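Working notes for the structure below.
The values are calculated or read from the model by the stated rules, or taken from the named source; none is laboratory data. Source: prediction; values computed, not measured. In this analysis, Cβ positions are derived from the backbone assuming ideal geometry, glycine residues included, and neighbour counts consider all displayed protein chains. Surface areas here come from the heavy atoms of the whole protein model, side chains and all, with no ligands, DNA or RNA. Shrake-Rupley method; radii C 1.70, N 1.55, O 1.52, S 1.80 Å.
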Amino acid sequence: MSILPNESDKRCKKIIEILLDHPEGMKGNDIAGRLQVSSRTIRSDIKRLQELLEVHGIKISAITNRGYKLERQDVHEVLMNVLPSISSQEMFSDKNERLLYLVGYFLEALLTNKSVTQGDLADEMYVALSSLKAYLNELREFLSDYFLQIVTYRNEGLRLQGDENDLRTCIVDYQREVRNPNLHALIYNEVGSQEIAFMIEEVMKQCSLQLTDTARENLCLQMALAVRRSAEGHLTVCSSSVAQELEKSFEYRIAKEMVNALYNATGKDIPYNEVFYLSKCLLTGKKLSITPETVKEKMFRTENADSIGDKLSNLIDEILCTIEKNYGLDFGGDEYLKEGLLLHLRIAIAQVNFRMGMRNDLLSSIKNEYPLAFQLGILAARVVRERIQVIFRENEIGYIALHFGAAMSRNHIKEADVSKKIVIVGSVGFGISIMLKTKIKEYFRNRLNILGVLPIYKLNDDWINQADFILSTVPLKNVREDKVIRINSVLGKTDLEQIEKKIFSKEMLTYENLRDIFDAEEFFIDMEFTTREECLTFLTNKAVEHGFMSKAAKDSVFEREAMSSTAIGDFAAIPHPVDTVDNVSKVFVLTLKKSIMWGDLPVQAVFLLNIENGKSELWEEIFFKLYNYIRKFDGVTSLLKHKSYEKFFNDFFARL
């Protein structure tokens, strides 16, 4: 936060705010009384303001019996540039900084049991009351993620209201991100942070449990809040059924040890409710240990440990089977992924059940930079919802996506490390054979290991068994069809694309197949829809009508949109089904005469992606190509300007 401006600048800003709040005008004496200065000082300030604002087309008029009046009411936005040294743009670098300031302000009021008046808050932020109301609406939207509200308390002002668990979750998330020194002092007023950290570390050592740095920091805050808030009579609530389940857990025993250590060290004897609260905190905290032995022995050490572990393992197996069925990605042999998901899902499910989910500041990056991994997270979330009725929000889906992104990276690394062994077979002469070998080595480099170039009569079982694939210019008998790739004697671009696709499962985007995917018949310009639902209904109906999308895929598009918005910024959205159930790949394009709100973002161009079953590489490649065309090359602006399929397609293809 910047240093406060000088007194004259502050008065000028306050004068503007007063005139904004009184569009009918206000007398100089009344303004002077409000600001506790002389009428002469106000006249000097008004004169200065008139000089500053005149060049921007804003006039302050002096009207008989009414005082000073602003002739334009849109002065606030101009003021941000005219008086930068005292504007809220100077005080806050962006919307997020302003929002965090407001959250901190209300949390400090919560911990000091005070109410917030809008007048005092407007003065603190140097904004008009009309602006503050808009900022408070932003704050309400933010707090709704924590199930919290801003309410009027008696006649004193505004206060935060909500369940005690939710209030504490908000405090912990905020303090971990902002590290507000005032809030830190309020949280740790009963017991110091270092003292709590030392106690937790000792208990963790005794129980042989490792937490991540974030989880350990959170636990310190949670324990301090348990001490402070319970001392003031603000207790967490735990139902008897949940309490009975918690009592069976390993984390419950750790929570009791923590409470005992607190009492022995400080004499603080907190209510038993807080043992259950700390148990929930431990259950939802990220652990470092991810080996199967640790998962089995520590994380699931409960009376029904085997049952919980087996249920989650079965759930993960079903998730991986669903992914393989839809996207052709086989993670069945990735034990590291399974172990990571086993640990993560147990924690994530507990977070949902206890309403202690974490914010995900990486969400936007994950959705846009790792779209396929996020799509796999969506698919996993659906399996979890259908099987155990736990609903993950998009923040948690983003964290799940990171596991799949890491697994995909590991698999790509393995594929790059191990080159595919091939044998080239043909009836052509030696010179042509050497040319084939040279061309393949030049194109594929170390990705293909050429075991030999043979005439057909020398191809025996030994060669066949050694090779992953056989490239042949002639038909072959007694060799598995999926192992043979037919090529021409003179290797051309089509041959290279075929080898690339079959061996490396990579769909190469040629002009011809892109023409097929982006069909001129599925290109709709200047539509007059006003909602996201109207756009999706129109496009999916067209897709079903033209035989490119099944009814199940259509329903899946709406399901996907409900789980997380597909708007990507720059006035574009790329909706798609959760499942890839169809046998044809098509992209449907729609533009609107006027932009509409698509979740939190405005959208004027929609690209409905429907990629055939099992084509994960094609799905990701098309998404990235569209994303780059839209974000890097201002594709939507061009599309809206030219309104031409040919122009769009040629521009898009040129950017590949």
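A few remarks follow.
- The residues on offer are Ile319, Ile349, and the sole one that is open to solvent by less than 40 Å² (accessible area, probe 1.4 Å), within 24 Å of Ser616 (Cα to Cα), touching a residue at least 24 places away in the same chain (Cβ under 8 Å) and part of a helix (DSSP H, G or I) is Ile319.
- Count of segment 156-188 residues which are among the acidic types (Asp, Glu), assigned to a loop (DSSP other than H, G, I, E, B) and within 29 Å of the chain's Cα centre (by Cα): 1
- Residues (open to solvent by 60 Å² or more (accessible area, probe 1.4 Å), closer than 17 Å to Ala128 by Cα and touching a residue at least 24 places away in the same chain (Cβ under 8 Å)) located in segment 24-61: Glu24
- Selected residue (only one of Lys311, Lys325 is of a type outside the set (Gly, Ala, Ser) and farther than 13 Å from Val384 by Cβ): Lys325
- Single unsatisfied condition, Glu97 versus (1) open to solvent by 50 Å² or more (accessible area, probe 1.4 Å); (2) in a loop (DSSP other than H, G, I, E, B): (2)
- Whichever residue in segment 435-450 is touching a Lys or Arg at 6+ places or on another chain (Cβ under 9 Å) and touching a residue at least 40 places away in the same chain (Cβ under 8 Å) and, among such residues, is most open to solvent (accessible area, probe 1.4 Å): Arg447
- Matching option when the condition is in contact with a Lys or Arg (Cβ under 9 Å, 6 or more places away or on another chain) and crowded, with 22+ Cβ neighbours inside 10 Å, among Ile568, Ile525: Ile568
- Tally of residues being polar (S, T, N, Q) and on the phi > 0 side of the Ramachandran plot across segment 109-144: 1
- Output for segment 189-215, where each listed residue is more than 16 Å from Val259 (Cα to Cα), of a type outside the set (S, T, N, Q) and open to solvent by 30 Å² or more (accessible area, probe 1.4 Å): Asp213
- Scanning segment 586-615 for residues that are among the hydroxyl-bearing types (Ser, Thr, Tyr) and open to solvent by 10 Å² or more (accessible area, probe 1.4 Å) returns a single hit, Ser595.
- For segment 360-381, the set of residues classified as small (Gly, Ala, Ser), within 24 Å of Tyr629 (Cα to Cα) and either in contact with a helix residue (DSSP H, G or I) (Cβ under 7 Å, 6 or more places away or on another chain) or not in a helix (DSSP H, G or I) (or both) consists of Ala373 only.
- Residue pairs meeting the criteria (Cβ under 7 Å; at least 6 apart or on separate chains; first within 17 Å of Asp519 (Cα to Cα), in segment 636-650; second modelled with pLDDT of 90 or more and hydroxyl-bearing (Ser, Thr, Tyr)): Leu639/Thr591
- Segment 267-287, residues that are open to solvent by 10 Å² or more (accessible area, probe 1.4 Å), outside any loop (DSSP other than H, G, I, E, B) and farther than 17 Å from Lys248 by Cβ: Asn273, Lys287
- Flag for Val191 being part of a helix (DSSP H, G or I) and over 32 Å from the mean Cα position of the chain (by Cα): no
- Which numbered condition Val259 misses (of (1) surrounded by fewer than 17 Cβ atoms within 10 Å (Cβ to Cβ); (2) free of Cβ contacts under 8 Å to residues at least 40 places away in the same chain; (3) of a type in the set (A, V, I, L, M, F, W, C)): (1)
- On the stretch given as segment 219-248, residues that are part of a loop (DSSP other than H, G, I, E, B), out of contact with any helix residue (DSSP H, G or I) (no Cβ under 6 Å at 6 or more places or on another chain) and either at positive phi or among the hydroxyl-bearing types (Ser, Thr, Tyr) (or both) total 2.
- Test result for Val557, within 30 Å of Glu324 (Cα to Cα) and buried (at least 22 other Cβ atoms within 10 Å of the Cβ): yes
- Scanning segment 451-510 for residues that are modelled with pLDDT of 80 or more, open to solvent by less than 40 Å² (accessible area, probe 1.4 Å) and of a type in the set (S, T, N, Q) yields Ser472, Thr473.
- Cβ-Cβ under 7 Å pairs, at least 6 apart or on other chains, segment 106-124 side over 15 Å from Gln175 (Cα atoms), far side of a type in the set (S, T, N, Q) and open to solvent by less than 50 Å² (accessible area, probe 1.4 Å): none
- Residues in segment 412-434 that are modelled with pLDDT under 75, of a type outside the set (Val, Ile, Thr) and farther than 26 Å from Leu329 by Cα were compared, and the one that is least open to solvent (accessible area, probe 1.4 Å) is Ser433.
- Residues of segment 104-149 that turn out to be in a helix (DSSP H, G or I) and either touching a helix residue (DSSP H, G or I) at 6+ places or on another chain (Cβ under 9 Å) or crowded, with 20+ Cβ neighbours inside 10 Å (or both), as a count: 25
- Among residues of segment 528-547 being among the acidic types (Asp, Glu) and out of contact with any strand residue (DSSP E or B) (no Cβ under 7 Å at 6 or more places or on another chain), the one that is surrounded by the most Cβ atoms within 10 Å (Cβ to Cβ) is Glu534.
- Scanning segment 333-345 for residues that are more than 25 Å from Glu559 (Cβ to Cβ) and either out of contact with any helix residue (DSSP H, G or I) (no Cβ under 9 Å at 6 or more places or on another chain) or in a helix (DSSP H, G or I) (or both) returns Gly333, Glu335, Tyr336, Lys338, Glu339, Gly340, Leu342, Leu343.
- Qualifying residue in segment 61-83 (condition: modelled with pLDDT under 80 and in contact with an Asp or Glu (Cβ under 7 Å, 6 or more places away or on another chain)): yes
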